1. For Ala603 and Ala566, FRET efficiency with R0 = 41 Å and r from the beta-carbon atoms, rounded to 0.05?
2. Ranked highest first by the average count of other Cβ atoms within 10 Å around their residues, in what order do 354-362, 121-129 fall?
3. Name the residue from Asn586, Pro567, Phe631 whose Cα lies farthest towards the positive end of the charge dipole of segment 561-632, charges +1 on Cβ of Lys and Arg and -1 on Cβ of Asp and Glu.
4. What dipole magnitude, in Debye to the nearest 20, does segment 234-301 give about its Cα centre under +1 on Lys/Arg Cβ and -1 on Asp/Glu Cβ?
5. Would you kindly compute the Cα radius of gyration of segment 387-471 and its largest Cα-Cα separation (Dmax), both in Å?
6. Say the dipole of segment 509-626 comes from +1 at the beta carbon of Lys and Arg and -1 at that of Asp and Glu; which of Thr543, Ala576, Gly606 then lies farthest toward its positive end?
7. Quick check: with the 1.4 Å probe, what order do Tyr414, Tyr518 take by accessible area, largest first?
8. Calculate the tail of P(r) for segment 481-571: the fraction of all Cα-Cα distances greater than 22 Å, expressed in %.
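The values are calculated or read from the model by the stated rules, or taken from the named source; none is laboratory data. Everything numeric in this text was worked out from a predicted model, so none of it was measured. Heads up, the Cβs are rebuilt from the backbone with ideal geometry, glycines too, and the neighbour counts pull from every protein chain shown. These area figures cover heavy atoms from the full protein model, side chains too; ligands, DNA and RNA do not enter into them. Shrake-Rupley method; radii C 1.70, N 1.55, O 1.52, S 1.80 Å.
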Amino acid sequence: MSVSDRQRGPDGFPQCQQVLDGLPVGIVFQNAQGEIRTANTAAERMLGVSLEQLRGKTLISADWRTRQEDGTPLCGDRHPIMVALRTGETVANIVLGVLNPERRAHVWLNVGAIPIRNPSNGALEGVYTWLEDRSLSTEPLSEDPRGALAAQDEGASAAPSPSAASEVDGLHRSADAQEGARGRSIATDDTAVEVGSRTSDEALLQRQFALLAHTERIAAVGSWEWEVATDTMTWSQGMFRLFQLDPAAGTPSAADQARLFAAGDWHRLRSAAEETLRSGTAYALELRVIRRDGERRVCLARGALARAHDGGSTHLIGSLQDITERKQREQNNRLNDLRLRLALSSARMGVWEFDIRTKLLYWSPEINRYFNVGAQEPTEAVFLTQIVHPEDAPAVKARMDAAIAARSRYVMEYRIGTTAGRWILDQGEVICDEHGEPVRVIGTSMDITTRKQAEEALRASERRLVQMAYTDALTGLPNRLLFEDRLRQAMAQAQRAERTIAVGYLDLDGFKPINDTYGHAAGDQCLIVMAQRLKQILREGDTLARLGGDEFAVVLVDLRDNEASAPFLDRLLAAAAEPVRIAETNLRVTLSLGVTFFPQPDAVDGVELLRQADQAMYQAKLAGKNCCRRFARKSR
């Protein structure tokens, strides 16, 4: 059996598959047509489907609903895989969000693609894609991931670069170089085939080992193998790099390795490994390690059972990944998430997303609470018919449709429920795809009920202030200030329409004795009753005002002439003369009424008209009261 045959697994993947499966970085191999041939466990986990489901598919299929970092959909020909296949160049550090058909949330990944060429003829055979979960990544994929492979990709007979050779060194050496040592660093096999005489398969295998080594570097991870029968531990270069140890010194002994872990963690690791040997169940646990410079780091340790194909010796293989920065980010994210939720809760605000194509709404728990709709994710129709107030639903629908058509932002207020007690402020923005077509709307909703109540209270207060400024507190009639304004308007209207207005001044006869005899409460009640009676005599455009005490004023508008006022004035006198019954007592008052008219031959203003009516009222008093007198200008 050739070296190639011994090392290679199914679908062209080497036996380092077991090590790759222990890595947190996803590795996917696709052929020249972009079809997936194989993938490691991390890739299956990130994409949410098994290798069997992945085989034959492409990562650019529309059902993956891939998004770019700004949230817009990714066009297939711009996918890193297709770019690498089309250009033959490595593509690195691209941020993508992937939503497979069986999931409801996007997984955000750092994605890179490395073209693979046939060493014999340079033909493009496929592409290796690596996927790094952004929520777990510790370092950006900023360096060229193809550095270790560049020399081999340049031609069929090219030898590995020094960097590639050094990385492969830790995974492609024989244990014979340090025979008899309890721990060993895998050394180069003296019988290894020279690069110049390697077969195409061996060259591909070499590149795969280099890819694994490079993956270890960018993921801050190291790999190891424990041959149980001989108690021989083998480390990859990544393990030495993680602990800041020199690979030339070989893999540390068990006693030395114990000192590389915080108190109690080495025992936990050994116990987990022994349990895996006993039950065959893989393990994953977080450990604290101590580097050569004394710095303590947090690492994720994984291990799994592996057996040789010939049924021989049992091995444990695994990885150790530095997740210190990830743990710090997780803590920071938890704090930030807590702060955000506290802020949203304090502001009674939530976030939402509306999928224009599916008509589904997705929103945060805060919105669930104040919409009181549980955990459901309703359609637009349910939202408009069961959540939004029926009177506001048409306006809400129209406003969102207009924003989508204009591809613009919008702000709107509406009520929820069947009562007017709850108010929501929505702010949304339409997101378009690469073709400029709207695909979704994202926004925030804030419960502004308290604000709306405060605004209504303020308006009510303003109305009360206006009422206090322009109306009589006792009778509710206009006061002198409002009466003078109404009089000015009536005068202007009369001049435009060439009509007449009558201005009357009214004073109650016999009101003072009521106050003196029955008290001010009875007098106030008498004034209220009198105001209601007199107001009922007038038409809609006429004005009755209380000027103070027992004095009133009236404006009769839109009269044909002066004589047209007589019926109204007579009815005012008659209504005032009717008894006022208060506390089982009939109280009697009458009116003394003076009247003047506008327009007049001479220029006059409202103040002059009221003065004229007042003078005429005194003439009515002198004439015996309970009568009306017209103002008569004295001849000069």
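1. 0.95
2. On the way: 354-362: 15.3, 121-129: 18.0.
Averaged packing, sorted descending, gives the order 121-129, 354-362.
3. Going by the charge dipole, the pick is Asn586.
4. Working: 10 positive and 8 negative charges, 20 e Å.
Using Cβ point charges on Lys, Arg, Asp and Glu, segment 234-301 gives about 100 debye.
5. 17.5, 63
6. Sorting the options by dipole projection puts first Ala576.
7. Tyr518, Tyr414
8. Considering segment 481-571, 34 percent of its Cα-Cα pairs are separated by more than 22 Å.
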